[in-house]
Amino acid sequence: MSEELHIVTGAFGYSGKYIATRLLDEGHRVRTLTNSLNRPNPFGEKVEALPFNFEDPDALIESLRGAKVLYNTYWVRFNHSLFKHADAVRNTLPLFEAAKRAGVERVVHVSITNPSEDSPLEYFSGKARLERGLKESGLSYAILRPTVLFGKEDILINNIAWALRHLPVFGTFGDGSYRIQPIYVDDLAALAVEQGKRQEDVTIDAIGPETFTYRELVAAIAKITGVHRPILAMPPALAYAAGWTLGLFLGDVMITWPEVRGLMADLLCTDSPAAGTTRLTDWAKENRDQLGVRYANELARRKDRTRNYK
């Protein structure tokens, strides 16, 4: 096994698991920092798990010491009583500082397309603040900016398919003409691991090879899963209210108003070349029998940290 130690935040979660898998396949030592120490370790003894220790800077530094690369996927999708974007920013900036003090050589950081500190949307402004913090840290870095990830553990694409399978109609926010460029989670992992080998500072829009309008995306998923549902253009506030109400029954947050605004502002699309090669339509065809059969509950994943991340 390689003597190089690579650290992945959240290796028991979604994108972090794919990054850790690729690192192990290359023969590296892998450690994860996680808030889910009681979640089953899918890697067994191959991946050492340590807590984040955000409240103990010395312990955080020691948990990073000796690592060549830190792959940071730590973030939260929306504000909630249990977690907030501001908390993620407040925790991640010291993580970068701890990495520097521990002698980590490079950081590969997962951000979002079109971040801006001036954005009224806290998701995008928070991500921009972290990008600036990483750049100012003096660490060698690669910043990866995905839009929406898809894969077996995904939330958005799966739940679009779930809604198509279980609801009589599907409503879009407005006319659905805003664009989205989903990237396969393992393509993002491959990009992260490749960038971990390099030294130059880079910022990459990590987008997939297909560009859809939101309406086209929904229609493509409906066709692939063999579901025939009317796709209706709805006033954004009304469509959001419907999603919010359905979320109450499901015990989840299906969609947030900031997410609607980000979608409709075309923030999940760029003019950059594709960084991934896997087409969503091809992946969906291969997984059509499982796609959307079960609802993927974001809050359940966050609250119950003793079960596998599915």
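The values are calculated or read from the model by the stated rules, or taken from the named source; none is laboratory data. It should be emphasised that the depicted structure is a prediction, and the values quoted were computed from it without experimental measurement. Positions of Cβ are backbone-derived with ideal geometry, glycine not excepted, and every protein chain shown enters the neighbour counts. Surface accessibility is based on the protein's heavy atoms, side chains included, excluding ligands, DNA and RNA. Shrake-Rupley method; radii C 1.70, N 1.55, O 1.52, S 1.80 Å.
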Does the range 218-239 contain any residue that is out of contact with any strand residue (DSSP E or B) (no Cβ under 7 Å at 6 or more places or on another chain) and of a type in the set (Lys, Arg)? yes
Checked against (1) more than 24 Å from Thr147 (Cα to Cα); (2) at pLDDT 95 or above; (3) surrounded by fewer than 21 Cβ atoms within 10 Å (Cβ to Cβ), Leu64 satisfies every condition except (3)
Determine which single condition Leu60 fails, assuming it passes every other condition in (1) more than 16 Å from Arg106 (Cα to Cα); (2) under 21 Å from the mean Cα position of the chain (by Cα); (3) among the hydrophobic types (A, V, I, L, M, F, W, C). (2)
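Return the residues of the range 1-12 that are of a type in the set (A, V, I, L, M), open to solvent by less than 20 Å² (accessible area, probe 1.4 Å) and assigned to a loop (DSSP other than H, G, I, E, B); say none if nothing qualifies. Give the steps one after another, and end with the answer.
Here is the first cut: in the range 1-12, the residues of a type in the set (A, V, I, L, M) are 1, 5, 7-8, 11.
Now drop any that are not open to solvent by less than 20 Å² (accessible area, probe 1.4 Å), which leaves 5, 7-8, 11.
Selection gives Ala11 alone.
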Considering each of Pro258, Pro230 in turn, give the residue that is over 23 Å from Val76 (Cα atoms) and open to solvent by 40 Å² or more (accessible area, probe 1.4 Å). Pro230
Given the structure, is Pro40 assigned to a helix (DSSP H, G or I), more than 26 Å from Ile183 (Cα to Cα), open to solvent by 50 Å² or more (accessible area, probe 1.4 Å) and in contact (Cβ under 8 Å) with a residue 40 or more places away in the chain? no
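Being in a loop (DSSP other than H, G, I, E, B) and without any contact (Cβ under 8 Å) to a residue 60 or more places away in the chain is the filter here; which residues of the range 235-272 pass it?
Of the residues in the range 235-272, the ones in a loop (DSSP other than H, G, I, E, B) are 235, 251-256, 265-272.
Selection gives Gly251, Asp252, Ile255, Asp271.
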Please name all residue pairs, on different chains or six or more residues apart, with Cβ atoms under 7 Å, provided the first residue is in the range 13-36 and is at pLDDT 95 or above and part of a helix (DSSP H, G or I) and the second residue is open to solvent by 10 Å² or more (accessible area, probe 1.4 Å) and of a type in the set (A, V, I, L, M, F, W, C). Ser15/Val110; Ser15/Leu149; Ala20/Phe43; Arg22/Ala190; Leu24/Phe43
Residues of the range 280-297 satisfying the condition of being among the basic types (Lys, Arg) and either over 24 Å from Leu246 (Cβ atoms) or open to solvent by less than 30 Å² (accessible area, probe 1.4 Å) (or both): Lys285
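Starting from residues that are more than 19 Å from Ala99 (Cβ to Cβ) and charged (D, E, K, R), keep the ones in the range 67-86 and report whichever is least open to solvent (accessible area, probe 1.4 Å). If you could, list the steps in order and put the result at the bottom.
In the first step, residues of the range 67-86 are kept if they are more than 19 Å from Ala99 (Cβ to Cβ); the result is 76-86.
Adding the requirement that they be charged (D, E, K, R) leaves 77, 84.
Numbers: Arg77: 45, Lys84: 90 Å².
Looking at the filtered set, the residue picked out is Arg77.
Conditions (1) of a type outside the set (Phe, Trp, Tyr); (2) in contact with a Pro (Cβ under 8 Å, 6 or more places away or on another chain), marked per residue:
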| position | (1), (2) |
| --- | --- |
| Glu3 | yes, no |
| Phe12 | no, yes |
| Lys17 | yes, yes |
| Asp25 | yes, no |
| Val30 | yes, no |
| Ser36 | yes, no |
Go through the range 132-164 and give me each residue that's open to solvent by 10 Å² or more (accessible area, probe 1.4 Å) and among the charged types (D, E, K, R). Arg132, Lys135, Glu136, Arg145, Lys152, Glu153
